[in-house]
Every structure is written in C-alpha cells, then in structure tokens.
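Encoded as structure tokens, the structure appears first; notes follow it.
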Amino acid sequence: NAGQPITTLMLRNLPPDVNQNELIARLVEADLQGSYDFVYMPQLFDTLSGKGYAFINFVTSEDAQRFTSMVRNKSKKLRLSCSISRAALQGLAANT
C-alpha cells in the first residue's frame, strides 16, 4: 500500500561472511537493539553462511529510516555494506 509506513526492509548484496547471528550482532553494536522485532536471513545449512540477503522489520518507519541512513552513510558502528529496498510484505504480522 502506498500510504503504509515502511518498516520492513530487504537487504541485498550482503558480504558472504555475514550470517544472521553476525547481522544481529552488528545491529546491537550499532545501538539498534529494541528498534527491530524481526530478522530473517536464509543461510546455507552446510556452512551456515548467509545467502547474501536478509529481511529486517523495524518497530517504526523512523527506525527503518535511521538504519537506512546508517548503511548509506557507511556508519563505522554498523560496519555493513549492502543494498536496501522496501520489502514486498510490510510489518511483523505479514512476515511471521
């Protein structure tokens, strides 16, 4: 929906060394704990490495915008380089 706030983001082109646990650790290091309620990152079962993409649902659209700004401004606290777009499904309920 065009008027719906954007809270769920899709991250693409994540580095191969970043799996779900590492992604969450980086969110915590960047003081973003409490600003998201859902993180999903598919991983390869044999190596437990990520597949290069993930979804994060933020509690508010402002939290999502703050995260997006941190990535685009190459925040040293976040240490994450990736592409970000609006996820097709928005909100916690739609993603769980």
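Taking region 1-20 as the region of interest, how many residues are farther than 17 Å from residue 37 by Cβ and either of a type outside the set (D, E, K, R) or crowded, with 20+ Cβ neighbours inside 10 Å (or both)?
Residues in region 1-20 being farther than 17 Å from residue 37 by Cβ and either of a type outside the set (D, E, K, R) or crowded, with 20+ Cβ neighbours inside 10 Å (or both): 9 in total.
Any residue in region 27-35 that is small (Gly, Ala, Ser), open to solvent by 60 Å² or more (accessible area, probe 1.4 Å), part of a helix (DSSP H, G or I) and out of contact with any Phe, Trp or Tyr (no Cβ under 7 Å at 6 or more places or on another chain)?
No, region 27-35 contains no residue that is small (Gly, Ala, Ser), open to solvent by 60 Å² or more (accessible area, probe 1.4 Å), part of a helix (DSSP H, G or I) and out of contact with any Phe, Trp or Tyr (no Cβ under 7 Å at 6 or more places or on another chain).
Give the residue, chosen from 96, 60, 47, that is under 14 Å from residue 9 (Cα atoms), of a type in the set (S, T, N, Q) and surrounded by fewer than 17 Cβ atoms within 10 Å (Cβ to Cβ).
The match here is 60.
Checking the condition out of contact with any Ser or Thr (no Cβ under 9 Å at 6 or more places or on another chain), of a type outside the set (Phe, Trp, Tyr) and within 19 Å of residue 69 (Cβ to Cβ), which residue from 47, 8 passes?
8
Determine, yes or no, whether residue 40 is open to solvent by 70 Å² or more (accessible area, probe 1.4 Å), under 10 Å from the mean Cα position of the chain (by Cα) and within 22 Å of residue 96 (Cβ to Cβ).
Numbers: open to solvent by 70 Å² or more (accessible area, probe 1.4 Å): yes; under 10 Å from the mean Cα position of the chain (by Cα): yes; within 22 Å of residue 96 (Cβ to Cβ): yes.
Against the criterion (open to solvent by 70 Å² or more (accessible area, probe 1.4 Å), under 10 Å from the mean Cα position of the chain (by Cα) and within 22 Å of residue 96 (Cβ to Cβ)), residue 40 qualifies.
The values are calculated or read from the model by the stated rules, or taken from the named source; none is laboratory data. Just so you know, these numbers come straight off a predicted model, no measurement behind them. In this analysis, Cβ positions are derived from the backbone assuming ideal geometry, glycine residues included, and neighbour counts consider all displayed protein chains. Keep in mind that these areas ignore ligands, DNA and RNA; they rest on the heavy atoms of the full protein, side chains included. Shrake-Rupley method; radii C 1.70, N 1.55, O 1.52, S 1.80 Å.
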